[in-house]
Every structure is written in structure tokens, then in C-alpha cells.
Amino acid sequence: MATGITQNDVWTAADALLLEGARPTIERVRQKIGRGSPNTVSPHLETWFRALGARIKDPGAFAAPPAVPDPIAQAATHFWEAALAEARAQQADAYRERWQELADEGERLAEQAEQLQQRDAQLANREKDLEEGLRVATAQLAATEERLQAAERAVRQRDEQLKQARGQLQDAQSAVQTLLTEAEKMRGVHAQALDALQTRHAAHEKRWLNELDAERVAAKKLQSRLDEAQLAAQKQGEQHTAALRQAQEARGMAEKAAQDARAETMAGQARYATAQAASEAAQAALQGALSSAQEALATARQNEQALLARLAASDAQAGTLLAQSQQKDQQLAELTRHLMADAAQLKRPTA
């Protein structure tokens, strides 16, 4: 099982590279050790460079063995100084690059902070707008509820009016039916009275005609007797004066009887005229009653039509109010969905 890279491993490899005349780098140290990642080697190598100055001041830290000749020692010293200068230059370059990265990172963080501030300001404005919209929507919702309650009250009032109108219509229909029944009864009574009157009139007329015929027969008989008497008087002449006077008396009596018969006939005609006038008056009264019943029926039908028209208008108005109420409900539901969507968007976490 592989073990981790320690500081001693990195320092030993760096010292070996330096003694070999090579510049210690992260990749060379890793190759020298044979393992390790750059992230693990880099901090130990930086520590090695920071401690390198103090180690250089120590005479025995990198002192050559006593048996090493002077030219070799001088060469080692030259390589060491060159490696040290190179390491310092690399360290300075690394520091400059690190400072530049930190500066870039600071600018990027500043830009992100500014963007976050702008985002916070936008969210605050959005929250204010949503609160204002919610307040307006709440007010609209309250107004809509008030209008809906008013519409419901109006619908209830219309229902009561419809009930009253239906009751009035039923009463009118009952009254019309009663009038029709009474009119039928009156028509039957008047028809019966007219039939009875016509029957009586026909009977009276027949009796009067029979009496008139009898009077005419009697008058003819009297006229025949008078003619016979006149003929007898003309034949007998003056010799029969007494008989003539008797005949004249008889004639006078006959004329009186004829006058009485004529008077009776005229009285019968007057009774016929009176009966006919009574029949006409009865017919006129019956016609007037029928006209009154028809007018009452027409008035009742007009009232029924007016009530039906009012009922239809009330139904139409109730339907309109119901449609308006449904439309307000749809608008309220749509507004509620928008508010819920805005609230969900406001609660949603920002990236």
C-alpha cells in the first residue's frame, strides 16, 4: 500500500537535485521521489525554499566532505549559488503569478458582489411590485366578493319576484278558468232561456194565428149573413120594414161583434209585438253578457301574457346575473393563479 509524501522526502530530493547541479522543481522532485501529486509536493517545496537561506548560513549544512578537493568544492559552491538564484527567481515569479491570480480573483469577486447587489436590488423591487400587486389584487378580490354578494342578493330578490309572479300567474289562470266556467254556465243558462223563450214565442204565435184565423172565419160568416140579410131586405122592400129594422139591428150587432173581433185581433198583435220586444231584449241582454264574458276572458289572457312576459324577462335577467357571476369567478381564479405563480417565483432560490 502506497504511503503519502512527507516533508523529509521532498527536502531530501530537493537537496539531491541541488547537489547534482539541477534546479529543484515540482516535476523533478516528483521524478526523484518516484510518486506524489503536484498539490502535495508544492507546499513542501515552498517550505524548502523558505528554509534554504538559513541553511546556507549554516556552514555545516551543505559542507563538502573533508576529502573533497577545492576545485570540486568551488564547483559545488558555484552550482549551489546558481541554483539558489534560480530558485529565488522562480519563487519571485511564482509569487508574482500568485499575486496576479489573487488580484484577478479579487476583481472577479468584486464583480460578482456588484452583480449580487444588483440582483438583490432587483429582487427587492420585484418584491415591492409583487406586494403592491398583491394589495391591489386583494382589494379587487374584496370588491369582486362584494359585487358577487350583491349579485347573489339580486338573484334571490329575482327568485322571490319570480315566485310572486308565478303565484300571480296561477291566481290569474285560476281566475280565468273560473271566468271561463262561469261564462260556460251563463252561456248554457242563456241558451236554455233563449230556447224556452223561442218555444213560448212559437206557441203564442201559433195560438195568435189560430185566434186570428178563427176571427177571420167569424167575420166571413157575419159578412155572409149580412149579405144574405141585405139581399132579403132588397127583395122584400118596404113591405118588410120591420124585418129590415131587425136586420139592421142584427147588422149593427154583427158590426159590433166584428169591431170587438177586430179589437181582440189588434190586442193579440200588440201582445205579439210585446213578446217579440221582450225576446229581442232578452237576446240583447244575452249578447251583452256574452260580450262582457269575452272581454273579461280577453283581459285575463292579456294579464296572463303580461305575467308570462315579466316571467321571461326575470328569467333572462337572472341568467345574465348568473353569467356575470361566473365570469367574475373565472377572473378571480385567473388572478389567484397569477398571484400564486408570482409568489412561487419569489420564494424560488436564486443561483
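The values are calculated or read from the model by the stated rules, or taken from the named source; none is laboratory data. For clarity, every value in this text was computed on a predicted model and none was experimentally measured. For neighbour counting, all protein chains shown are included, and Cβ atoms are generated from backbone atoms with ideal geometry for every residue, glycine included. Only protein heavy atoms, including side chains, enter the accessible area calculation; ligands, DNA and RNA are left aside. Shrake-Rupley method; radii C 1.70, N 1.55, O 1.52, S 1.80 Å.
Summary table below
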item	result
Flag for residue 168 being modelled with pLDDT of 85 or more and surrounded by 14 or more Cβ atoms within 10 Å (Cβ to Cβ)	yes
Test: residue in the stretch 214-227 that is open to solvent by 50 Å² or more (accessible area, probe 1.4 Å), in contact with a Ser or Thr (Cβ under 8 Å, 6 or more places away or on another chain), modelled with pLDDT of 75 or more and of a type in the set (Asp, Glu)	no
Residues within the stretch 124-137 that are in contact (Cβ under 8 Å) with a residue 60 or more places away in the chain and either in contact with an Asp or Glu (Cβ under 6 Å, 6 or more places away or on another chain) or open to solvent by less than 60 Å² (accessible area, probe 1.4 Å) (or both), tallied	3
Any hit, the stretch 95-109, residues being open to solvent by less than 60 Å² (accessible area, probe 1.4 Å) and modelled with pLDDT under 80	yes
Test: residue 108 is in contact (Cβ under 8 Å) with a residue 60 or more places away in the chain and either farther than 30 Å from residue 333 by Cα or assigned to a helix (DSSP H, G or I) (or both)	no
Tally, over the stretch 140-151, of residues that are open to solvent by 60 Å² or more (accessible area, probe 1.4 Å) and closer than 26 Å to residue 346 by Cα	1
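Residue by residue, here is whether (1) assigned to a helix (DSSP H, G or I); (2) surrounded by 13 or more Cβ atoms within 10 Å (Cβ to Cβ) holds:
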residue: 12; (1), (2): yes, yes
residue: 15; (1), (2): yes, yes
residue: 22; (1), (2): no, yes
residue: 29; (1), (2): yes, yes
residue: 40; (1), (2): yes, yes
residue: 50; (1), (2): yes, no
